[in-house]
Amino acid sequence: MADTTHTIDAGHGHHGHSLALRHHFASAEQQKEASTLGMWIFLVTEVMFFGGMFLAYVIYRTWYPGAFAAASRHLDITLGGFNTAVLIGSSLTMAMAVRAAQLGARRSLMIFLILTMVLGSVFLGVKGVEWHHKYVEHHIPGPNFHYDGPNAGNVQLFFSLYFGMTGLHAFHMVIGLGLLGTLLYFAWRGRYTAEYNTPVDLAGLYWHFVDIIWIFLFPLLYLIDRHTGGH
Amino acid sequence: MSDHVESKGLYFAIFLALMVGTAITTAIAFVDLGVLNTPVALAIAVSKAMLVVLFFMHVRHSSTLTKVVVFGGTFWLALLIGVTMIDYISRGWLPQKEQGTQFSSQPPRL
């Protein structure tokens, strides 16, 4: 990039243009803070987005505890627990990727990004398997829903929330994979250095947030009243 | 740059804590704690989330403004769920006038 120097407002002096310091920011620190804050504001809107469904879950579970517990027992704890571990692992690799970027370690950054994407893909694969199980058991809400047991209507309600919430979560994972793939490309092109690694940092915030959503989804969906007997 | 580079060891420690939390919440789901099952599960989930927010998301090194935004989002969610449930849970608590009740104290039947 050609270095253009402007005389800007009094007190700024000359700046070269770099990714770490665009001319409309007073300092690189301010730019980084603005980016971080912007990402957090976005994550707060995501809290609002998911929050609506969590609220619906709380209301209907309060109304129909028996049906929700029975329905929850039809989810596979082994797969759900495994997926939770996979996603937490992906948060570790993502944190390591951000750390590598902070240290200007391009190769490590790429490796950790790839690892994160692999773990994220494993998660989605397992979810596909779980959803297929639900399909085969006729637990997908809709015309083919079938449940032998009491309160079938309320059980279907649970599964509506299950598919709505895990579906929305999986959609966010897919977007995350796209973000990480993009980062991987630019990391390979040498765009991220110890001086400028904000996009990696922000993608990390997004990825960790999606992990946090699952940290709540797992116990709320899979672990309702598991102590009161089997199927 | 005021970049705080955390140590690998710290990240691994947080990862282990998260895995332990997952194991505990899964195991304890099979133990009858009565009304405490759900609060315990939520407490574990909140603790795990806090570890992710403070350490993986670097909030413990973030500016006060960032911390305020994080708290604000969480507080908003607490209000959404809390105040809505105050409404639902308190239905039927007050005696109704004879001439038909406006709000049913029974949950809707599906």
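Computed from the coordinates by the stated procedures, all read-outs in this text should not be read as laboratory data. The structure displayed is predicted, hence computed values, not measured ones. Methodologically, a virtual Cβ is constructed for each residue, glycine included, from the backbone with ideal geometry; neighbour enumeration extends over all protein chains shown.
Points to keep in mind about this one:
- Mean separation of Cα contacts under 8 Å, 6 or more apart, over the residue count of chain B: relative contact order %: 20 percent
- Relative packing of peptides B:55-68, B:3-16 - highest average C-beta neighbours within 10 Å first: B:55-68, B:3-16
- Computed extension gain for A:E46 through A:D76, at 0.36 nm per residue and net of the alpha carbon distance, reaches 8.1 nm.
- Mean projected area in nm² (Cα convex hull; one quarter of hull surface) for region A:151-231: 7.1 nm²
- Of the two radii for region A:151-190, the radius of gyration is 1.42 times the Kirkwood radius, both from the alpha carbons; that is the Rg over Rh value.
- The sum of -39500 (n - 2.57) across all DSSP H runs of n ≥ 4, divided by the residue count of the protein assembly as shown, sets its helix-only mean residue ellipticity at 222 nm to -23000 deg cm²/dmol.
- Taking 20 °C and 1.002 mPa s as conditions, region A:24-112 diffuses translationally at an estimated 125 µm²/s according to Stokes-Einstein applied to its Kirkwood radius (Cα pairs).
- A straight chain from A:M53 to A:D148 at 0.36 nm per residue would run longer than the Cα-Cα distance by 31.6 nm.
- Rounded, prolate or oblate (a/c below 1.5 giving rounded, otherwise prolate when a/b exceeds b/c) for region B:1-49 by Cα gyration tensor: oblate
- With distances taken between every two different alpha-carbon atoms, region A:88-140 has a Kirkwood hydrodynamic radius of 12.3 Å.
- Average beta-carbon neighbours from other chains, 10 Å sphere, peptide A:21-28: 0
- Nearby aspartates and glutamates by direct alpha-carbon distance to A:K127 (threshold 20 angstrom, same-chain neighbours under 8 apart not counted): A:D76, A:E137, A:D211
- Contact order normalised by residue count of region A:85-165, Cα under 8 Å, 6+ apart, percent: 22 percent
- Rg and Dmax of the protein assembly as shown, Cα atoms only, in Å: 23.3, 82
- Region A:43-95 shape via C-alpha gyration tensor axes, a/c threshold 1.5: oblate
- Largest GNM mean-square fluctuation across B:G34, B:G72, B:G82, computed for chain B with C-alpha springs under 10 Å, falls on B:G34.
- Relative compactness, chain B, computed as alpha-carbon Rg over 2.2 N^0.38 Å: 1.60
- Separation of the B:V46 and A:S18 label points, Cα + 7 Å toward Cβ, nm: 4.4 nm
- In chain B, the longest principal axis of the Cα atoms and the axis of helix B:8-28 are about 30 degrees apart.
- Residue with peak Gaussian network fluctuation, chain A [Cα springs, cutoff 10 Å], from A:L37, A:L157, A:L109: A:L37
- Cα gyration tensor shape of region A:93-231, rounded if a/c is under 1.5, else prolate or oblate by comparing a/b with b/c: prolate
- Each Cα pair under 8 Å and six or more residues apart adds its sequence gap; the mean of these over the residue count of chain A is a relative contact order of 29 percent.
- By the rule of a C-alpha distance below 16 Å, with chain neighbours fewer than 8 residues away ignored, the aspartates and glutamates paired with B:K67 are A:E33.
- Modelled FRET efficiency - R0 45 Å, B:I81 with A:T193, Cβ distances, 0.05 increments: 0.60
- Peptide-level mean, for A:87-97, of C-beta atoms on other protein chains within 10 Å: 5
- Residue-averaged beta-carbon neighbours from other chains (10 angstrom radius) around A:217-228: 5
- Its residues counted as N, region A:99-170 yields a C-alpha radius of gyration over 2.2 N^0.38 Å of 1.69.
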